[in-house]
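Let me begin by presenting the structure, written as structure tokens, before commenting on it.
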Amino acid sequence: MNSFFEIIRAGINTTFQDEGRNNLYHIGIPFSGAMDKRNYLLSNSLLGNKINKPVIEFAYQGPLIKYRGEKISFVITGDVIFKIIKKEKEIQGNCYENYIIEDGDQIDVISTNKSVYGYLAINGEFNLKFQWGSCSVNTKANIGSNNGKKLGDNQKLDILNINSNQVKKKLNYINTRIERIRVIKGTNFNYFSDEGKKIFFNKEFTVSKLSDRMGMRLEGQKIENIVDTNIRSEGLIKGVIQVPADGNPIIMLSDHGTIGGYPKIGVVISSDYDKLVQLSPGSKIKFQEIELSDAETLFKLYEMETQNLISQLK
Amino acid sequence: MIKNISNLGDAALYCDFGTEVNKETNSKVIKYFRSVKKKEIQGIINLTPSYNKLIISFDLKKTHFKEIKKKIENLDVNDSISEFPKKIEIPICCTDDFSLDIKRLEEKLSLKREKIYENFFNKEYFCYMTGFIAGMPFLGDLDKSLRANRLETPRVKVPKGSVGLTEQFANVYTFESPGGWNIIGNTPKEIFDSSKTENPNLVSPGDIVIFKQISFENYKNYNE
């Protein structure tokens, strides 16, 4: 019996993602991969999958899927409202808890709750073509599985190698939100006026609607540049905060252009990245300065916490 | 050769080769880039060479700033360069439909169209870096008479294959993308081929590019 997902409604920005791809910045290809790494890793762990298997990432509104085939387990991670529609009943779904569905059942991923990204993993394999060792879809460059495109309505996704060993797993985990994003000063920090620096570290910014997997735009008091609003184009990494001439910061996210020519006022530390990407438009944030050594310690703690959650599921 | 190494955030090294942007500085960047790449240093996950900088990103789970900095400082860059620059010809068609900003350039540069083409074609350009979008080469240096600023308002969509000029550089839009460079023509040649796993980029940093003007007839019938 063939098993597959029938995508009845694809949702707003539904793509295949995994850990992303390395070693291609020099030819202009960003890292990509799941935006919120912890929730991605947890989705696979909750099914006993290999940790780096491709999953479906969705933003805001997720997909409505009809399942065809033999019994399969799936799980949803993040802060997501969803339901499972069976012949005779509807079940309100809980994140971090795996469910078995069978032929004809539907999964309706209604929306993310005060957050942006959620993940749907299965204990089988989507039949995908990898590009440079990764399925991760970058819709701007059309790179990755599904011809580098988001999922579309009425698409069919074949599923192979369903693991019949389906163990019920559950995790008590709450996604905490942060309003303070910790930042290491950027290489052009001194391009900005004293007043501009104060605004950056003391005032509130609002996440703009013009945010996507490439970047998060912020609105707030303008940050004044007193040296030059352009620099010689140079490499970027995820988390870099650029301030163009209009004085509004832009944070580089996982699908960012690999080279940029705007001054870098700061870089978001690695341990805060997963929480940063979950800030939806309208959210208020403040930046807090931190030293490199503290950022390194915080990352170790964050990693340890993730590993503890994963080992609870083994 | 590196003037200064600092940290860019907690997971990258920012190597500064000096403020001058010329072939000499950039050749040093490229030399370092190739050497670091060849050494396959544990924990390094990405390298981004540009005009005068090299950014080295690493996996914070496996290493940290001080450790990578030390390795880069002690790197022997002289033993590993044996690559010769490739010379690549890129054909360009400049009919009105393709030469989107030729009128603007005529005005800004106070040069006639024919003179612009004459000063642009059949010269050797050096590839400083590739990126921004996949495979886009940044080539220089343009003749002094051809140097213009970016468009005041960038285009939302620059067609695939467009060849643009800005300041001392030329580039090629490897696929449709937003952009603000002055477009003078379009190439039928694939500059980035994502189906090639090994070398998707036609042009790499350090290579030489020569632009050749072709007719619309040749553009239409172009066959690689």
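In the range A:218-232, the condition of being crowded, with 20+ Cβ neighbours inside 10 Å, touching a strand residue (DSSP E or B) at 6+ places or on another chain (Cβ under 9 Å) and within 14 Å of chain B (Cβ to nearest Cβ) is met by no residue. Quick check on the range B:29-45. Is at least one of its residues in contact with a strand residue (DSSP E or B) (Cβ under 8 Å, 6 or more places away or on another chain) and in a loop (DSSP other than H, G, I, E, B)? Checked the range B:29-45: at least one residue is in contact with a strand residue (DSSP E or B) (Cβ under 8 Å, 6 or more places away or on another chain) and in a loop (DSSP other than H, G, I, E, B).
Looking only at the range B:116-139, how many residues end up being away from chain A (no Cβ under 12 Å) and within 15 Å of residue B:181 (Cβ to Cβ)? Residues meeting the conditions: 4. When the range A:17-43 is filtered for residues that are more than 14 Å from chain B (Cβ to nearest Cβ) and over 11 Å from the mean Cα position of the chain (by Cα), the ones remaining, listed by number, are A:42, A:43.
From the list A:165, A:147, which one is within 14 Å of another protein chain (Cβ to nearest Cβ), outside any strand (DSSP E or B) and open to solvent by 10 Å² or more (accessible area, probe 1.4 Å)? Among A:165, A:147, only A:147 is within 14 Å of another protein chain (Cβ to nearest Cβ), outside any strand (DSSP E or B) and open to solvent by 10 Å² or more (accessible area, probe 1.4 Å).
Of all residues in the range B:5-14, those satisfying the criterion of being at the interface with chain A (Cβ under 10 Å from one of its Cβ atoms) and surrounded by fewer than 24 Cβ atoms within 10 Å (Cβ to Cβ) are B:6, B:7, B:14. Taking the criterion of being part of a loop (DSSP other than H, G, I, E, B) and in contact with a Gly (Cβ under 9 Å, 6 or more places away or on another chain), would at least one residue in the range A:293-310 satisfy it? Scanning the range A:293-310, I find no residue that is part of a loop (DSSP other than H, G, I, E, B) and in contact with a Gly (Cβ under 9 Å, 6 or more places away or on another chain), so the answer is no.
Each residue in the range A:175-193 was checked for being in contact with a strand residue (DSSP E or B) (Cβ under 8 Å, 6 or more places away or on another chain) and loosely packed, with under 13 Cβ neighbours inside 10 Å, and 2 pass. Could you tell me whether any residue of the range A:49-56 is out of contact with any strand residue (DSSP E or B) (no Cβ under 8 Å at 6 or more places or on another chain) and among the β-branched types (Val, Ile, Thr)? Yes, the range A:49-56 has at least one match. Residues considered: B:204, B:195. Of these, the only one that is open to solvent by less than 50 Å² (accessible area, probe 1.4 Å) and polar (S, T, N, Q) is B:204.
Going by what's in this entry, would residue B:77 be described as within 30 Å of residue B:8 (Cβ to Cβ) and in a helix (DSSP H, G or I)? In short, no. Checking each residue in the range B:40-74 for being of a type in the set (Lys, Arg) and away from every other protein chain (no Cβ under 12 Å) picks out B:70, B:71.
Scan the range B:75-90 and tell me whether some residue there is open to solvent by 70 Å² or more (accessible area, probe 1.4 Å), under 24 Å from residue B:18 (Cβ atoms) and within 9 Å of another protein chain (Cβ to nearest Cβ). The answer is no, given that none of the residues of the range B:75-90 is open to solvent by 70 Å² or more (accessible area, probe 1.4 Å), under 24 Å from residue B:18 (Cβ atoms) and within 9 Å of another protein chain (Cβ to nearest Cβ).
Yes/no matrix, rows are residues, columns are (1) at positive phi; (2) at the interface with another protein chain (Cβ under 8 Å from one of its Cβ atoms); (3) surrounded by fewer than 24 Cβ atoms within 10 Å (Cβ to Cβ):
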site: A:244; (1), (2), (3): no, no, yes
site: A:257; (1), (2), (3): no, yes, yes
site: A:264; (1), (2), (3): no, yes, no
site: A:272; (1), (2), (3): no, no, yes
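Meeting the requirement of 3 or more residues that are open to solvent by less than 10 Å² (accessible area, probe 1.4 Å) and under 26 Å from residue A:178 (Cβ atoms), the strands (runs of 3 or more DSSP E) wholly within the range A:52-123 are A:55-59, A:72-77, A:117-122.
The values are calculated or read from the model by the stated rules, or taken from the named source; none is laboratory data. What you see is a predicted model, and the numbers here were worked out from it, not measured in a lab. We place every Cβ from the backbone using ideal geometry, glycine too, and count neighbours over all the protein chains shown. The accessibility values were calculated without ligands, DNA or RNA, using every heavy atom of the protein model including side chains. Shrake-Rupley method; radii C 1.70, N 1.55, O 1.52, S 1.80 Å.
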